[in-house]
Structures are given as C-alpha cells and as structure tokens.
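What follows is a set of notes on a single structure, which appears directly below.
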Amino acid sequence: MEAVAFYIFAAIAVVASLLVVGQRNPMYSVMLLIVSFGALAGLYVLLDAPFTAVTQIIIYAGAIMVLFLFVVMLLNVEREDSATSVATMVGPTGMKLGAGLSVLLAIEVVWALSRLGESHFGHDAETVNISSVARIGQALFTQHAFAFEATSILILVAMVGAVVLARRER
Amino acid sequence: MVSLNHFLILSGVLFSIGTAGVFLRRNLITVLLSIEVMLNAVNLTFVAVGRYLGTVDGQIITFFVMTVAAAEAAIGLALVITLFRHRETLNPDAYTALKW
C-alpha cells in the first residue's frame, strides 16, 4: 500500500518536473510545478512529516507560486522567442557544456546511490515522535531559536529589497 | 517496501531535472522555477534522512529552506521585473552588459 502510494507520488513529481522544464509557456510551467509540489507533500506524509507537508502546500503552492503567477501575468510574455526553438536549443557551446554537466550530475547521483546499501526505515516509537508538531515546535523555539529569529530578519530584508528593486525610478 | 534509497533516488532524479532546466532553458522565469525544483529535491532528502534517523531536525532544516526559497523568489522575481523593463525580453542571452 505504502509502496504503491510512493510510486504514484514519485511518478507524478518526476513527470510534472520534467514538463516544467520542457514547457514553452511559463504559465503552464508554474501550474505544473504546483502539481509537483502537491505530489511532494504526499511523499512527506508518507515520511511521517505531516507538518512539512502542510507547510509545503501553504508556503510553496500557496504563496511562492502565486508570486510567480503574478510576475508571469504582469510581464505578459507568453512564450519564449521563436528563435530559441528546440533545434537551436543546444547550439552555443555554453549550453552544450550545461547539458553535459547535468547529464554528468545525473550519472554521478545514480552511481553514488547504486553503491549505497539498502536502508529501511524504523517502525515504532520514534515515528510517533517525529510526526508530532509539538516536538517540532519545541525544537524550533529552543534549540534553533536564533536561526528562527535570523530567518525573520532575512524575510524583512528580502521584502525591502524586492520593493526597492521593483520600484519604478523617477 | 519503501526504503530510504527510494527517496534518495527520487530526489536525485528531481535535482538532475532541475539542474538541466537551469542550464538548458532560455527564460528567466523557468530558470527560477528550475531552482525551486532543485530546492524541493533537497528538502525531500532532508525529510527522508530525518525520518531515517528518527529526529525532527530534517523537518526543521526543510522549514528554513522554504523560508530562504521564499526570500529568493521575491528577490529573483523583483530582479526579473527590473531586467524586463530594460530589455523587454526574458532571454538571459540578452543581458550581456556585464560580460567582458
């Protein structure tokens, strides 16, 4: 049952991500990325991390992707210039290099993982522990309190920076 | 039986897809979206390994990664808007003013 759910979510995530990269129209790319995030949220539930799954949906699919949608609609560029069709896509040397690098990375990842021994998840008390929001909150506000506060400064700086950058010069 | 390896392989595949997108796409917005795919692949690794080790630290790091991703998206999109005002295109090849 768990395995079936894993394979369904994994297939959705991989296919949606591939289509995000392969899509011409940025609007569809954003929508497909939301699908991919939804599948990842399902995987988080399988990993006994319901809190992360909910944050994934609320923050990623809800907030970040809406920001992307706003920009796509604001700029109103529906598709890439026709000059950059698939035929010319692997034209410049930089792109060939990039394609080679990403293929190399994929091969390396597969190679590294193939040498890894099978490691199964534990099933019992600790599972209950990690899925509890109370424990996450406790660790977040005691052990990682400084990082949490630093994050709020980061968000503030990002907000000010975005406003300053996108403001029209007069 | 789903093991840690399944999740690691999946996140490796997703990360590679994201990298290919960053290198191959000629659209600034799609490049940013590919970066989000890569960040999510890493998040999946953190959660899976946290589950394997039986700690909540993986989920906490994921939380921070999400916040940083939000900041990155806000700044990145503001930059895209500013660049678009200058050149009226989203093709990164058009922005070569800082090239030697």
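Every read-out reported here was derived from the displayed coordinates using simple, explicitly stated rules and does not represent laboratory data. These figures come from a predicted structure and were not determined experimentally. So basically every Cβ, Gly included, is an ideal-geometry build from the backbone, and we count neighbours across all protein chains shown.
Points to keep in mind about this one:
- Per-residue ellipticity at 222 nm computed for chain A from its helices equals -23000 deg cm²/dmol, with DSSP H segments shorter than 4 residues left out and the rest contributing -39,500 (n - 2.57).
- Estimated vicinal HN-Hα couplings, Hz - region B:42-55 in sequence order (Karplus 6.51, -1.76, 1.60; Gly, Pro = x): 5, 4, 4, 4, 4, 5, 5, 5, x, 5, 5, 7, x, 10
- Chain A shape via C-alpha gyration tensor axes, a/c threshold 1.5: oblate
- Residue-averaged beta-carbon neighbours from other chains (10 angstrom radius) around A:129-140: 3
- Chain B shape via C-alpha gyration tensor axes, a/c threshold 1.5: prolate
- By other beta-carbon atoms within 10 Å, ranking A:MET1, A:MET95 with the fewest at the front produces A:MET1, A:MET95.
- Per-residue 3J(HN,Hα) values for region B:93-98, derived from phi via the Karplus relation 6.51 cos²θ - 1.76 cosθ + 1.60 with θ = phi - 60°, read 5, 7, 9, 10, 4, 8 Hz in sequence order (x marks Gly and Pro).
- Three-way shape call for region A:1-78 based on the alpha-carbon gyration tensor, with the a/c threshold at 1.5: oblate
- Listed values for region B:17-25 are Karplus-derived 3J(HN,Hα) couplings in whole Hz (6.51 cos²θ - 1.76 cosθ + 1.60, θ = phi - 60°), namely 4, x, 4, 4, x, 4, 7, 9, 7, and x replaces Gly and Pro.
- Residue exposure sequence - B:THR30, B:THR96, B:THR67 - by fewest surrounding Cβ within 10 Å: B:THR96, B:THR67, B:THR30
- Counting every other Cβ atom within 10 Å of each residue's Cβ, A:ASP48, B:ASP57 order from fewest to most as B:ASP57, A:ASP48.
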